[in-house]
Every structure is written in C-alpha cells, then in structure tokens.
Amino acid sequence: MVEPSKLEMYADLAVRVGVNLQPSQILVIGQDTLPVPIECFEFVRYVTQKAYAAGARQVYVNWEDPELNRIRLESASEDSLDEYPQWKVNWMESMLAEGAAFLAIFIPYPDLLTGIDPARVARAAKAKANALRNFVNEYASLKTNYCILSVPSKSWANKLFPTLSDVDAMNKLWDIVLEIVRIDTDHPFQEWKTHVSELGKRTKLLNDYRFTKLRYSAPGTDLTVDLPDEHQWISLATVKNINNVPFLPNLPSEEVFTAPHRTGVNGTLRSTMPLYYGGTMINNIQLTFSEGKIVNYSADEGLATLKGIIASDEGSSYLGEIALVPVTSPIAKHGILFMNPLYDENASCHFAIGNGYPSSIVNGQSMSPEERLERGLNQSITHVDFMVGSNELNIDGETKDGRRIPILSAGNWVL
C-alpha cells in the first residue's frame with residue numbers, strides 16, 4: 001500500500017498549495033456538489049491534520065456514501081427526484097459567506113449507476129444543480145480559494161486494472177496518481193511552482209495575441225470558434241480569489257482555457273475519448289453547431305445520457321469552455337482512460353457543454369449572470385467536459401488583422 005509519508009505529503013500539498021489555506025480560515029472538505037466518499041477517511045484524516053497545522057479555525061467534512069445515492073435513484077418516487085434539501089444549500093452558502101475554503105475529493109464510480117434509467121439520473125442532477133445554482137455561481141466567481149483532487153479507490157482501481165488483484169491494482173493506481181501530482185519527486189512544492197510558471201508563460205502568449213477566433217481541424221472535426229471581445233486565457237498561473245489569494249483549483253492541471261462566444265461556434269466536432277458521466281459511458285460524441293447552438297448530436301453509446309446533458313436548460317445546448325492541452329501532457333503519456341474527468345480532461349484538449357467560467361472574460365467575476373451573457377459568456381446549470389484532443393488535431397488562431405497563427409499542430413504546442 002501507499003507509504004504514509006506519501007499520503008502526508010499529498011495532504012500537505014492539497015492544503016498549502018492547492019487550497020492555499022489561510023490562517024484562521026475554515027476548511028470545508030467536500031462541498032455539496034462533490035461530497036467526500038466515506039472510503040476516503042484515511043486521506044481526510046491527513047488533510048485535517050495538515051489543515052490545523054496550517055492554522056485552520058475549523059475543519060468540516062461533508063461525507064457521502066455513493067451507494068445510498070444509487071439506492072435513492074433506483075427506489076425513490078419519481079416526483080421526489082425533483083427535491084433537494086434546502087438545509088444543505090443554506091449550510092454551503094453560509095460557509096461561503098464566512099470565507100471558508102473548500103477541498104473536494106473526487107472519486108469516479110463508473111459502474112455505480114449501471115441499470116438506472118438515465119432520465120431519473122438527469123432529473124435528480126437537474127434538481128441539485130438548480131438548488132445549488134447561486135452557490136456554484138459564487139464559487140466559480142472565485143469568491144474563495146478551493147481545490148479539487150482525486151485519490152484511488154478499490155472500485156476505480158479494479159475498473160482500470162481488471163486483471164490485477166485488489167492490492168496490486170490499488171498500488172498501481174496510487175503510483176500513477178502520485179506521479180501525476182508530482183509527489184514522487186524530490187521537491188514536489190518546487191515542481192509545482194515550476195509547472196505553474198511554465199503554464200503562465202503559455203497563458204501570457206495566448207493573451208498577447210488577442211485572437212478573435214480559433215479554427216479546429218481533425219477527422220470528424222471542422223469547427224470555427226469565435227472568442228468574446230473581452231476573453232482572457234486562464235491557467236493555474238492566473239487564478240486568485242477576490243482577496244488576491246492564489247490557489248490551484250485542480251490537482252492535476254495541464255490546461256490553458258478560455259470561453260467561446262456563446263453564439264460564435266459553427267461546424268462539426270467529434271470527441272476522441274469516451275466520456276463517463278453519471279455512471280454511463282458516452283462514446284464517439286458527434287456534434288453539429290450553428291450560431292453556437294448544438295443543432296444535431298449523436299453518440300455510438302450513451303445517447304440518452306448525452307441527450308439529458310444537452311437538455312438540462314437553455315444554456316446546455318451551447319459551449320462554455322475551450323481548453324488546450326498537448327498530447328504530450330504527463331497524464332496523456334500513460335495511455336489510460338481514467339474514467340475521471342479531472343484526469344482525462346488534463347490529458348487532452350477539450351470543450352465543455354454548458355456554463356462558462358466567469359474568469360474567462362475580463363472582470364467577469366464581478367458581473368451578474370445577465371451581464372456575462374451579454375458579453376458572450378454562456379450561462380447554464382451544467383458544465384460537462386468532453387475530450388477532442390489527438391495527434392491529428394490542428395488548432396489555428398486568427399488575429400484581428402486576419403493573420404492565421406498555428407497554436408497546436410498534430411496535437412502539440414507550436415505557438
């Protein structure tokens with residue numbers, strides 16, 4: 001099993017670098033959008049110790065047993081799926097109002113909802129998203145510092161490595177996770193500092209060009225993406241909360257991202273990796289866009305789930321994020337479909353259906369949702385990433401004066 005010293009270092013990285021917990025700040029482990037699976041108890045104990053060592057005033061943990069979620073989706077009455085406890089919403093909003101920091105520990109459960117009607121899953125997800133809309137809007141507007149990371153679980157490890165024993169599968173996944181988050185290096189904190197600096201250089205270069213649009217070409221993909229006039233590229237190097245505290249929202253993160261103009265996406269787009277969503281695999285997604293809207297869609301597998309995503313609300317038939325990740329990323333080199341969006345999205349260029357991050361436009365965090373929409377930033381209760389990167393993908397940027405600048409060629413940076 002993983003060495004306790006490695007777990008301790010990972011927990012310390014999460015607290016001091018990921019969240020960047022400030023003295024006397026409350027830490028909430030597991031916001032309601034991503035409660036902590038109960039099998040993470042050992043890692044949560046390390047995080048709690050490190051949080052108090054860093055000066056936390058209080059540490060609260062929001063636990064979840066994923067199996068109980070399945071039981072509800074399978075057995076609860078149809079109309080009860082439209083309900084979400086208001087006390088949970090109130091508590092999360094009160095923690096945010098007190099300036100609490102948040103650490104989410106995400107574990108994928110690819111087979112958890114197998115056999116459950118996708119319409120029931122979508123119905124419950126929509127109720128939860130609507131109830132937490134204001135919290136998520138404030139959270140995404142960088143009102144506080146937060147981080148999302150993953151730790152291995154038995155079910156996840158067995159899904160990735162079905163031919164190995166339980167112990168060997170867990171050990172292998174832990175080795176990969178600790179490598180990806182740079183814990184297996186001699187100086188993990190310095191490694192992250194260097195990585196953030198390199199992402200910062202790439203981010204500045206993209207922002208300096210002030211591209212008006214991007215052009216994507218690959219097998220099954222021929223897409224033009226207009227960018228908002230006030231768009232800005234974001235990476236780990238640029239993220240700070242409203243109190244100017246830097247933090248790393250995702251561990252790992254290899255992306256540089258912005259938002260498309262809501263009505264400026266035209267053409268065809270095909271996914272290059274399966275998407276696991278709500279316990280269902282969606283494979284070979286093909287989308288057609290006209291003036292930003294998805295006007296036709298198909299999938300070889302998981303079509304009903306894809307339909308549910310796109311039908312979530314008015315904004316869920318538009319894109320909210322475009323992210324650039326080279327095929328040589330440390331995650332991509334493993335050649336594994338992790339069935340975990342936090343990892344898979346950092347192995348590949350990707351888009352997101354649904355909500356755009358407020359930070360993707362200048363001063364977006366201080367705008368109302370209506371103001372963001374006016375400036376071309378999509379608004380939705382959902383945000384679902386899907387991967388489009390490959391060694392056959394080319395992306396060019398077009399400048400205001402008509403120059404066409406290669407950004408990625410054969411899936412790798414050339415800018």
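The values are calculated or read from the model by the stated rules, or taken from the named source; none is laboratory data. For clarity, every value in this text was computed on a predicted model and none was experimentally measured. A quick note on method: Cβ atoms are made from the backbone with ideal geometry, for glycine too, and the neighbour counts reach across all protein chains shown.
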Self-check item: Matching residues in segment 68-125 - criterion: being β-branched (Val, Ile, Thr), in contact (Cβ under 8 Å) with a residue 12 or more places away in the chain and loosely packed, with under 13 Cβ neighbours inside 10 Å
Solution: 114
Quiz item: Would you pick out the residues in segment 286-317 that are in contact with a strand residue (DSSP E or B) (Cβ under 7 Å, 6 or more places away or on another chain) and hydrophobic (A, V, I, L, M, F, W, C)?
Solution: 287, 289, 294, 295, 299, 306, 309, 310
Practice problem: Residue by residue through segment 135-156, note down the ones that are touching a Leu at 6+ places or on another chain (Cβ under 9 Å) and either under 14 Å from residue 106 (Cα atoms) or surrounded by fewer than 16 Cβ atoms within 10 Å (Cβ to Cβ) (or both). | Solution: 146, 147, 148, 149, 150, 151, 152, 153, 155, 156
Self-check item: The one condition in (1) modelled with pLDDT under 95; (2) more than 13 Å from the chain's Cα centre (by Cα) that residue 357 fails to fulfil
Solution: (2)
Quiz item: Of the numbered conditions (1) of a type outside the set (A, V, I, L, M, F, W, C); (2) assigned to a helix (DSSP H, G or I); (3) buried (at least 18 other Cβ atoms within 10 Å of the Cβ), residue 201 satisfies every one except a single condition; which is it?
Solution: (3)
Quiz item: Taking segment 281-318 as the region of interest, how many residues are in a strand (DSSP E or B) and buried (at least 22 other Cβ atoms within 10 Å of the Cβ)?
Solution: 3
Quiz item: Does segment 296-309 contain any residue that is at pLDDT 95 or above, over 17 Å from residue 123 (Cβ atoms) and of a type in the set (S, T, N, Q)?
Solution: yes
Quiz prompt | Pick from segment 58-67, criterion among the charged types (D, E, K, R) and surrounded by fewer than 15 Cβ atoms within 10 Å (Cβ to Cβ), ranking: farthest from residue 149 (Cα to Cα) | solution = 67
Quiz item: What is the residue count in segment 59-89 for residues that are in a strand (DSSP E or B) and modelled with pLDDT of 95 or more?
Solution: 4
Self-check item: segment 367-406, residues that are in a helix (DSSP H, G or I) and without any contact (Cβ under 8 Å) to a residue 40 or more places away in the chain
Solution: 370, 371, 372, 374
Exercise. Answer yes or no as to whether residue 160 is within 30 Å of residue 401 (Cα to Cα) and either in contact (Cβ under 8 Å) with a residue 60 or more places away in the chain or assigned by TED's automatic domain parsing to the domain that holds residue 71 (or both).
Key: no
Quiz item: How many of the residues making up segment 255-280 are modelled with pLDDT of 95 or more, in contact with an Asp or Glu (Cβ under 9 Å, 6 or more places away or on another chain), at negative phi and part of a strand (DSSP E or B)?
Solution: 6
Quiz item: Within segment 204-213, is even one residue more than 30 Å from residue 111 (Cβ to Cβ), hydroxyl-bearing (Ser, Thr, Tyr) and more than 18 Å from the chain's Cα centre (by Cα)?
Solution: yes
Quiz item: Quick one: would you say residue 193 is surrounded by 15 or more Cβ atoms within 10 Å (Cβ to Cβ), closer than 30 Å to residue 366 by Cα and either not aliphatic (A, V, I, L, M) or not assigned by TED's automatic domain parsing to the domain that holds residue 81 (or both)?
Solution: no
Exercise. Scan segment 1-51 for residues that are loosely packed, with under 15 Cβ neighbours inside 10 Å, out of contact with any Leu (no Cβ under 8 Å at 6 or more places or on another chain) and not basic (Lys, Arg) and jot them down.
Key: 1, 3, 4, 5, 23, 24, 38, 41
Practice problem: Report whether or not residue 294 is more than 24 Å from residue 114 (Cα to Cα) and either touching a helix residue (DSSP H, G or I) at 6+ places or on another chain (Cβ under 8 Å) or not assigned by TED's automatic domain parsing to the domain that holds residue 143 (or both). | Solution: yes
Quiz item: Could you say whether any residue in segment 332-341 is in contact (Cβ under 8 Å) with a residue 60 or more places away in the chain and assigned to a helix (DSSP H, G or I)?
Solution: yes
Practice problem: Would you confirm whether any residue within segment 364-380 is small (Gly, Ala, Ser) and either surrounded by fewer than 19 Cβ atoms within 10 Å (Cβ to Cβ) or within 21 Å of residue 150 (Cβ to Cβ) (or both)? | Solution: yes
Quiz item: Hey, among 217, 253, 235, which residue is over 22 Å from the mean Cα position of the chain (by Cα), small (Gly, Ala, Ser) and in the same structural domain as residue 359 (by TED's automatic domain parsing)?
Solution: 217
